[in-house]
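Data first, discussion second: the structure below is written as structure tokens.
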Amino acid sequence: MSNKIEIEASYYLDRNYDEILEKIKKEKFEKIEEVTEEDTYYTDKEFTFIRDKICLRTRKKDNDFLELTYKPKVDDKIEKYGKREVNIKLKPEDKEDINYILGELGYISYISFKKHRKTYSKIINHVQYNIMLDNIEGIGDFIELEILVDTEKQKEEFHEELDNFIKEMNCDKLREKEKPYRDIVKDYYDKKTNL
């Protein structure tokens, strides 16, 4: 089980893609992964998971990796940047069984989508800094900047460091992504259906 706290910020990446790639190279971030992820988000029947920004998700990567992720409720006033994440690695062939169990427990599939992700990483003073360049099919390009820490104390200490990371990567000029991918994709498909 992985149990890290992500301190992150996300942005729409429209015309600045090549500029960001150059900056990643200049700052010596190493590409550690390029994958296609298939995410399925679940909610309870009253949709409190959606309302409270609780994440219950399965993520399949390139047909050879599956994990179940849980992120608890977030109070935006207190936890603007940091959120605990619990990941449990599963066998990809167990996806149908996991879906069955979640359904039996009363959870419903809310939205599924594919995301093409390139992850770049760098260790600075024993702390992992990640940059994810995401393309969601039919939606667009995004960038996530992330610092991974182990404790609540570190989370508080690294808030200012995240702001520095954002400025260093020239992302402070980009439009901030204020909703999770789950909600951006759902909004997109709801609008498309209503046209």
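The numbers here are math on the coordinates, done by the rules we state, and not lab data. Note that the coordinates shown come from a computational prediction; the quantities given were computed from them, not determined experimentally. Don't worry about glycine lacking a Cβ; one is built from the backbone with ideal geometry, like all the others, and counts go over all protein chains shown.
Observations on the structure shown:
- Residues 5, 54, ranked from the fewest to the most other C-beta atoms within 10 Å, line up as 54, 5.
- In region 8-59, the trypsin sites (Lys or Arg not before Pro) that fall in loop regions by DSSP, at most 13 other Cβ within 10 Å: 15, 28, 45
- Cα-projected label distance for residue 109 with residue 64, points at 7 Å along beta-carbon direction, nm: 2.5
- For region 5-72, the Rg and Dmax computed from alpha carbons only, in angstrom: 16.1, 47
- Extension gain, residue 52 to residue 73: 0.36 nm times the residue separation minus the Cα-Cα distance gives 7.0 nm.
- Evaluated with a Cβ-only charge set (Lys, Arg +1; Asp, Glu -1), the chain carries a dipole of roughly 220 debye about its Cα centre, given to the nearest 20.
- Taking chymotrypsin sites (Phe, Trp or Tyr not before Pro) across region 17-55, the ones in a DSSP loop with at most 11 further Cβ atoms lying within 10 angstrom of their Cβ are 47.
- Two-site label geometry, residue 21 and residue 86: point separation in nm, points 7 Å out along Cα→Cβ: 4.0
- Working note: Karplus 6.51/-1.76/1.60 with θ = phi - 60° gives region 16-22 the couplings 9, 4, 5, 4, 5, 4, 4 Hz, where Gly and Pro are set to x.
- Modelled spin labels at residue 45 and residue 159, positioned 7 Å past Cα toward Cβ, are 4.0 nm from each other.
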